[in-house]
1. Working only with C-alpha atoms, what are the Rg and Dmax values of region 61-127, expressed in angstrom?
2. For region 19-80, what value does the Rg/Rh ratio take when both radii are computed over Cα atoms and Rh is the Kirkwood radius, given to two decimals?
3. Take the cross-link list Lys43/Lys162; Lys43/Lys69; Lys176/Lys246; Lys94/Lys168; Lys168/Lys246 and give me the ones stretching past 21 Å between alpha-carbons.
4. So what's the projected area for region 208-259, the Cα convex hull averaged over all directions, in nm²?
5. So what does the Cα-only Debye profile of the chain read at q = 0.07, 0.10, 0.15 Å⁻¹, as log10 I(q)/I(0), no solvent term?
6. Determine how large the accessible area of Val16 is when every protein chain is in place; take a 1.4 Å probe and give Å² rounded to the nearest 10.
7. Roughly how far apart, in whole Å, are the Cα centres of region 89-161 and region 30-88?
8. What's log10 of I(q)/I(0) for region 85-189 at q = 0.20 Å⁻¹, Debye sum over Cα points only, no solvent?
Amino acid sequence: MADTGWPGCAKSLKGVILDMCGVLYDSGEGDGVAIHGSVEAVKKLKASDLQLRFCTNETQASRETFVAKLQRLGFDISVSEVFSPAPAAVAVLKDRCLRPHLLVYDGLLPEFDSVDKTNPNCVVIGDAAEKFSYQNLNDAFRVLIGLEKPVLFSLGQGRYYKETDGLKLDVGVYMKALEYACDLKAEVIGKPSPTFFQSVLNDMGLQPHEALMIGDDLVNDVGGAQHCGMKGVQVRTGKYRPSDEKHPTVTADGTCGQPGSGCGHDPQSEALSTP
């Protein structure tokens, strides 16, 4: 039975993992916009005795570029605290001697500079945004269908995310198209992959029950964390939809009101309400 409020959800808490887009900020034109109260919430978490990491499926920029953007928005964040799919994908590609055909946003390409991309024997897709044209998807399809043992890596599997001008389709939609066309199952790198969450826990030196995940995506943030043994809290910002609270398979351990709403708390700050 999920906990229904604070502080029950935060007992024995030693670390907090924050999603970024939709929790700390809404992406969009320029650097995007920080969500009200989120900069202060990160400061409070860093001033506490809790360990703090940031876990994102952001795949439109390198970690360095992405973190620099968050710093300009006022966040106290360093590259070493941020876990994103691209570096994990590079490690997998090198370990398995795979040469990728990349269908990713141009800003992410530098992450793959150290990887051999000649004569591809797999495909990697990320949130390519407008790069998800028919031609580019078909090129990826042709690489996969031409392989004896096709391998598709997806940097996350989100359905959609929120920018300042509204909701946008995410990589999971295009992953499903390639899965269907090639009759295969993609390997997901990023949330909700247990391996991805475990890498964050390992970095903090914590057991799953000692960590709390806070995100706006009920399935990939909250459900993924719960599958690993962590508690998961959903914020009512970003891609949150009221229907999430009646989801048939995933129930958050807590749901925090939007900053400035009647609850009077920033969603991230409520994680500090430990006994």
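The values are calculated or read from the model by the stated rules, or taken from the named source; none is laboratory data. Quantities reported herein were computed from a predicted structural model and do not represent experimental measurements. The area values use the complete protein model at the heavy-atom level, side chains included, leaving out ligands, DNA and RNA. Shrake-Rupley method; radii C 1.70, N 1.55, O 1.52, S 1.80 Å.
1. Computed over the Cα atoms of region 61-127, radius of gyration and Dmax are 13.3, 43 Å.
2. Numbers: Rg = 11.2 Å, Rh = 12.0 Å.
Here the Rg-to-Rh quotient is 0.93.
3. Working: Lys43/Lys162 24 Å; Lys43/Lys69 17 Å; Lys176/Lys246 24 Å; Lys94/Lys168 32 Å; Lys168/Lys246 23 Å.
Table pairs above 21 Å Cα-Cα are Lys43/Lys162; Lys176/Lys246; Lys94/Lys168; Lys168/Lys246.
4. Numbers: hull surface 13.1 nm².
Here the figure is 3.3 nm², rounded to one decimal.
5. For the chain at q = 0.07, 0.10, 0.15 Å⁻¹, log10 I(q)/I(0) is -0.24, -0.50, -1.09.
6. 0 Å²
7. Region 89-161 and region 30-88 have Cα centres spaced 25 Å from each other.
8. The calculated log intensity ratios at q = 0.20 Å⁻¹ are -1.02.
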